[in-house]
2 protein chains.
Amino acid sequence: MKILGIEHIGIAVESLETDAPFWKHVLGLDHSGTEAVKDQGVITDIYNSGRGKIELLEALGEHSPVGKFLEKRGPGVHHICLEVENIHEAITELKENGIEMIADEPSIGAEGFLVVFLHPKSTGGVLVELSQKPK
Amino acid sequence: MKILGIEHIGIAVESLETDAPFWKHVLGLDHSGTEAVKDQGVITDIYNSGRGKIELLEALGEHSPVGKFLEKRGPGVHHICLEVENIHEAITELKENGIEMIADEPSIGAEGFLVVFLHPKSTGGVLVELSQKPK
């Protein structure tokens, strides 16, 4: 598979109101947009670093994946996302390598990207998302 | 401060021998180098993603920062690193904003970068490293 780079780092926050200011005002990163991704149970608040994005994640409810993560581990890095050229090819290749995927088919994530998540037990403890830019 | 982008994502691994193959062979990332950074008590094994690097971290001893992280949280994302244009200016600006730094002065990290770490309690739970490329 062809990996194009780190697309973003997903960071679980208790509240965008109290945690976003570090990224926005202290670091001075450009704000790219805020969007609810209901399929994934999150509000994403995205900042451009110049090379890769920072995606702050606020849970839509405590039973959402990010809500459960916050309860178990507290705020911090939730996942990392690598951009791939072709997500369908990537999924096929990962399955051939015995990597466990959280879903078999990509879904639509923030900013219209096609996305899929790899299970942390196949990656050394890291929740890895792959994404393909919308055409 | 001027942030140039995500420099790398630092991932704590139990063993480079067993965990590196996912990044190197399954994802097929280019290997950039392996280096012991004794000051930080780690062996770093670095891969280029095309846009930002993946830095695998194996602890040099269980009392090192990465050793303690592994004992407490297990393998996973240990820190994220943003590249800045001028690390001394960044430190001054962060202190003016009340951000707690783990050290007051930069030290030499992997690949000769000048680096400094921000305390997670000032960033919303994320261990953030800033780095400046060696000239």
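The values are calculated or read from the model by the stated rules, or taken from the named source; none is laboratory data. Keep in mind the model is a prediction, meaning the values are calculated, not measured. For neighbour counting, all protein chains shown are included, and Cβ atoms are generated from backbone atoms with ideal geometry for every residue, glycine included. Heads up: the accessible areas ignore ligands, DNA and RNA and are worked out on the full protein's heavy atoms, side chains in. Shrake-Rupley method; radii C 1.70, N 1.55, O 1.52, S 1.80 Å.
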Subset of the stretch B:1-12 (residues that are at the interface with chain A (Cβ under 7 Å from one of its Cβ atoms), among the aliphatic types (A, V, I, L, M) and open to solvent by less than 10 Å² (accessible area, probe 1.4 Å)): B:Ile6, B:Ile9, B:Ile11
Hits in the stretch A:13-32 (condition: surrounded by 12 or more Cβ atoms within 10 Å (Cβ to Cβ), of a type in the set (D, E, K, R) and out of contact with any Phe, Trp or Tyr (no Cβ under 9 Å at 6 or more places or on another chain)): A:Glu14, A:Asp19
